[in-house]
Structure formats: C-alpha cells, structure tokens
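S.K.: Supplied in structure tokens, the structure appears directly below.
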Amino acid sequence: MKNFSFLLHDIKYLEPVHHLEFLSQAIYPHRHEYSILTTDVWLDQLLIHQYGTSLKARRDHLRYVHNIHRLGPIVMDERTNFVLFPLTSSAHRNAFWINLRTILRFSTPENERYQTRIHFSDGTFKDVLFDKKTCEKQYQKTLTVLDRMVKIREYPELYFNVKPTQ
C-alpha cells in the first residue's frame, strides 16, 4: 500500500478514519482509497507535488485576499473548479473535506442519529454529524472564493494596484 497518491477531480470527499493502519480515506464514485497520512498532510502533499504550492500557502492566500481565517476552502485548481472545503477544523490536521464539484445539496436525514445528509451528483449520500447550517455556510463561502479567484485572474487590476499587461 502506498502512503501517498494523487487526489483526482472526481473525489467526493476526504475523511479521517478510525483504523489501526490508516488515518484517512478518499471516497470516489466507484472506489475508496486509504492512506496512512492525515487528510491535511495528504492535501499538502498533493499541492506540493502537483501544483507547486502548499496548504499553508493556500491558507495564507485566503487570509490575505479573501479575509478568511478559519475553515477556508482550498482551491486546488480554479480552471477546473477543483475546490475542497472543510466541514471541521484542521486543529488535528485531519479535517473532513468535500469536493465542491460533487455536491448537489444538503438535507436533514430522517434518522435522528445524524444532523446532515450530503447528496452527491452520482446519486449517493453521506450522513454526517455536522450542522446543516454550517455545511451550507461552508458551501456558500466556497462558491464565493472560487468566483472571486476566477475574477481576480481575469481582472487583477480591479482587485490589486496592478496595471494590466499588454
């Protein structure tokens, strides 16, 4: 079993697991991939190897440009809308991350054991213990950051004191 693998754009979510050998798993439409890395370290490895940046750099960008200081979405690739957003704090470097592209909606499950049901575009769902309002707030925050990043790329002179290149 390899300890690091690239996360692909069709990932639904990345979650911590309680297992003797693994700390996290990536859930895809037709497979699960386990890792000995925490979710945050897995994301950091991916950003370093595939995008030439780090999780810390992406978080610094969120603070500087978007004024987001906690639970910020991480834009992996804004050109393909590959954005992961956390539903939990990264205090233990093992947050629950969801891929923006795969979400349809959030609802309240019928059983009272869980607080929120996350519906995915492939017709599946995941019941979680996170508050529905928190999930929806994170979703909206992620959409706002992605929209702003695309606009900053297209019109940097409107966001920064930069003269357009000709």
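The values are calculated or read from the model by the stated rules, or taken from the named source; none is laboratory data. Model, not experiment: these values are computed from the prediction. Because the Cβ atoms are built from the backbone with ideal geometry, glycine has one as well, and the counts that use them run over all protein chains shown.
S.K.: So which pairs qualify, if the first residue must be in segment 90-110 and within 18 Å of LEU7 (Cα to Cα), the second must be among the acidic types (Asp, Glu), the Cβ gap must be under 7 Å, and the two must be at least 6 apart or on different chains?
M.R.: As it stands, the answer is ARG93/ASP40; ASN94/ASP40; ALA95/ASP40; PHE96/GLU15, since those pairs meet every condition given.
S.K.: Further, regarding this structure: Considering only segment 30-50, how many residues are surrounded by fewer than 16 Cβ atoms within 10 Å (Cβ to Cβ), of a type in the set (A, V, I, L, M) and not in a helix (DSSP H, G or I)?
M.R.: Matching residues across segment 30-50 total 1.
S.K.: Just checking, which of THR53, THR134 is outside any strand (DSSP E or B), among the polar types (S, T, N, Q) and touching a residue at least 40 places away in the same chain (Cβ under 8 Å)?
M.R.: The conditions single out THR134.
S.K.: Among what's in segment 102-131 and is among the polar types (S, T, N, Q) and assigned to a loop (DSSP other than H, G, I, E, B), pick the residue that is modelled with the lowest pLDDT.
M.R.: So the residue we want is ASN111.
S.K.: Turning to a different aspect of this structure: Inside segment 79-89, can you point out the residues that are in contact (Cβ under 8 Å) with a residue 12 or more places away in the chain and in a loop (DSSP other than H, G, I, E, B)?
M.R.: THR80, ASN81, LEU87, THR88, SER89
S.K.: Something else: Only one of (1) more than 15 Å from the chain's Cα centre (by Cα); (2) within 23 Å of GLU154 (Cβ to Cβ) fails for GLU112. Which number is that?
M.R.: (2)
S.K.: Tell me, please, whether a residue that is hydrophobic (A, V, I, L, M, F, W, C) and either surrounded by fewer than 17 Cβ atoms within 10 Å (Cβ to Cβ) or farther than 24 Å from LEU23 by Cα (or both) can be found in segment 87-102.
M.R.: Yes: segment 87-102 contains one or more residues that are hydrophobic (A, V, I, L, M, F, W, C) and either surrounded by fewer than 17 Cβ atoms within 10 Å (Cβ to Cβ) or farther than 24 Å from LEU23 by Cα (or both).
S.K.: Now for a different question. Based on what the data block shows, is ILE68 buried (at least 20 other Cβ atoms within 10 Å of the Cβ), part of a loop (DSSP other than H, G, I, E, B), of a type in the set (Val, Ile, Thr) and touching a residue at least 12 places away in the same chain (Cβ under 8 Å)?
M.R.: Here the answer is no, as ILE68 does not meet what is asked.
S.K.: Which condition breaks for ARG58 when tested against (1) under 18 Å from LYS133 (Cβ atoms); (2) in a helix (DSSP H, G or I)?
M.R.: (1)
S.K.: Please go through segment 91-149 and pick out each residue that is polar (S, T, N, Q), out of contact with any Phe, Trp or Tyr (no Cβ under 6 Å at 6 or more places or on another chain) and closer than 23 Å to MET76 by Cβ.
M.R.: Residues satisfying the conditions are ASN94, ASN99, SER121, THR124, THR134, GLN140, THR144.
S.K.: Moving on. Would you check if TYR13 is closer than 18 Å to VAL145 by Cα and aromatic (Phe, Trp, Tyr)?
M.R.: The answer is no for TYR13.
S.K.: If you don't mind, there's one more thing I want to ask. Picking from LYS126, LYS133, LYS56, LYS151, which residue would you name as being under 16 Å from the mean Cα position of the chain (by Cα), of a type in the set (D, E, K, R) and either exposed (fewer than 13 other Cβ atoms within 10 Å of the Cβ) or over 18 Å from LEU14 (Cβ atoms) (or both)?
M.R.: The match here is LYS56.
S.K.: Ok, one more. Quick one: is GLU33 closer than 15 Å to LYS126 by Cα and among the acidic types (Asp, Glu)?
M.R.: So GLU33 fails the test.
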